[in-house]
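Asks: Below is the structure I would like to discuss, written out as structure tokens.
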Amino acid sequence: MVSTSKVRIFNAGEVNMEILVERALAVLRRSPFPWQLETAEAILRGEDVIIDVGTGSGKTLCFALPLLTNETDMVIVVSPLTALMVDQAWSAEVSTVPVCAETLASGGPDNLYKLTADE
């Protein structure tokens, strides 16, 4: 049995940043800063990313932007604080499921996927 990867790595110049900005405005109701777009493009190219900016400056948007290239994609954002995770889930413009370690331990990753697929 041959397994086909679901991971898509974009080549340099393959990401249309103008369309990404338009979709961010339409879906997320936000206009990304240049550094957020640069970070999102690096993520789409499969690069490792370290973002060193202050609290509340919009780091989460960097990880939401790549989702706008395909409506069926899913991203997992790991948050160090449960309160921060819940706050981001409630304020998100896209479907989110706040999940903590306890949720994964009790329900398992298969149930998490089922929960997100049902929404």
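No value in this document is a laboratory result; all are computed from the given coordinates. This structure is a prediction, so every number in the text was calculated from the model and none was measured. Virtual Cβ from ideal backbone geometry, glycine too; neighbours counted across all protein chains shown.
Asks: As an exercise, identify the trypsin sites (Lys or Arg not before Pro) in the stretch 1-31 lying in DSSP coil whose Cβ has no more than 13 other Cβ atoms within 10 Å. Let's see the in-between values first.
Replies: Values: sites: 6, 8, 23, 29, 30; in loops: 6, 8, 29, 30.
In loop regions of the stretch 1-31 (DSSP not H, G, I, E or B), the sparsely surrounded trypsin sites (Lys or Arg not before Pro) are 6, 8, 29.
Asks: Most exposed first by the Cβ proxy, i.e. fewest other Cβ within 10 Å, how do 48, 73 rank?
Replies: Going from least to most buried by this count: 48, 73.
Asks: Give the Debye-formula value of log10 I(q)/I(0) at each listed q (0.20, 0.21, 0.24 Å⁻¹), with one equal scatterer per alpha carbon of the stretch 19-67, two decimals each.
Replies: Once normalised to I(0) and log-transformed, intensities are -0.62, -0.68, -0.87.
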